[in-house]
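K.L.:
Please see the structure below; I have some questions.
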Amino acid sequence: MRNSPNRIAEIVLGLDARNPAEGPLRFAFGCALLRGVRLRVVHAWRFPSCAAELPFGVPEEDRAAWEDHEVQLLSDALRPWQDKYPEVQVLEDVRLLPPAEALARLSSDASLVVVGRHRDGDLGTVASEVLRDSPGPVIVVPA
């Protein structure tokens, strides 16, 4: 994995903080450790369905509270992995975007993007879209 001049020395991992898959986490942390690069863990989220019912859009305080909750979910999901891999520098990145879009945006500058696939062998929508839309290298790891 040689970095081209425009690539940042980091690995990007797409993670659903509500249901963190062990396989991609293990692979991404291990790869970051071996390469001596930063691991950016991206958790994408959407507004709750109740937000669509608000007559004047989402109030900033609601948005902030929901985002704080998402940040906490990601932090909680990563804590045991950061304890296991203290040498790996981790950047927690919570984005209000569809998951594939968030990862595709980061992939052009990353050394590698890591996404998971379903345990049943199905590639899944996010992995399929990231593979299709990412200009950089992507690896799909079983959950």
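The values are calculated or read from the model by the stated rules, or taken from the named source; none is laboratory data. Computed from a predicted structure; not experimentally measured. Don't worry about glycine lacking a Cβ; one is built from the backbone with ideal geometry, like all the others, and counts go over all protein chains shown.
K.L.:
In region 16-41, what residues are in contact with a helix residue (DSSP H, G or I) (Cβ under 7 Å, 6 or more places away or on another chain) and in a loop (DSSP other than H, G, I, E, B)?
P.N.:
Once the filter is applied, which keeps residues that are in contact with a helix residue (DSSP H, G or I) (Cβ under 7 Å, 6 or more places away or on another chain) and in a loop (DSSP other than H, G, I, E, B), region 16-41 yields Ala17, Arg18, Pro20.
K.L.:
For region 92-143, how many residues meet the condition of being among the small types (Gly, Ala, Ser), under 18 Å from Ala17 (Cβ atoms), in contact with an Asp or Glu (Cβ under 9 Å, 6 or more places away or on another chain) and part of a loop (DSSP other than H, G, I, E, B)? Please lay out each step first, then the result.
P.N.:
Start the filter on region 92-143 by keeping residues that are among the small types (Gly, Ala, Ser), which leaves 100, 102, 104, 107-108, 110-111, 116, 121, 124, 127-128, 134, 136, 143.
This time we only want the ones that are under 18 Å from Ala17 (Cβ atoms), so: 100, 102, 116, 124, 127, 143.
The next check asks that each one be in contact with an Asp or Glu (Cβ under 9 Å, 6 or more places away or on another chain); those that pass are 100, 102, 116, 143.
From what is left, the residues that are part of a loop (DSSP other than H, G, I, E, B) are 143.
Summing the residues that are among the small types (Gly, Ala, Ser), under 18 Å from Ala17 (Cβ atoms), in contact with an Asp or Glu (Cβ under 9 Å, 6 or more places away or on another chain) and part of a loop (DSSP other than H, G, I, E, B) in region 92-143 gives 1.
K.L.:
What do you reckon, is Ala127 surrounded by 16 or more Cβ atoms within 10 Å (Cβ to Cβ), at pLDDT below 90 and among the aliphatic types (A, V, I, L, M)?
P.N.:
no
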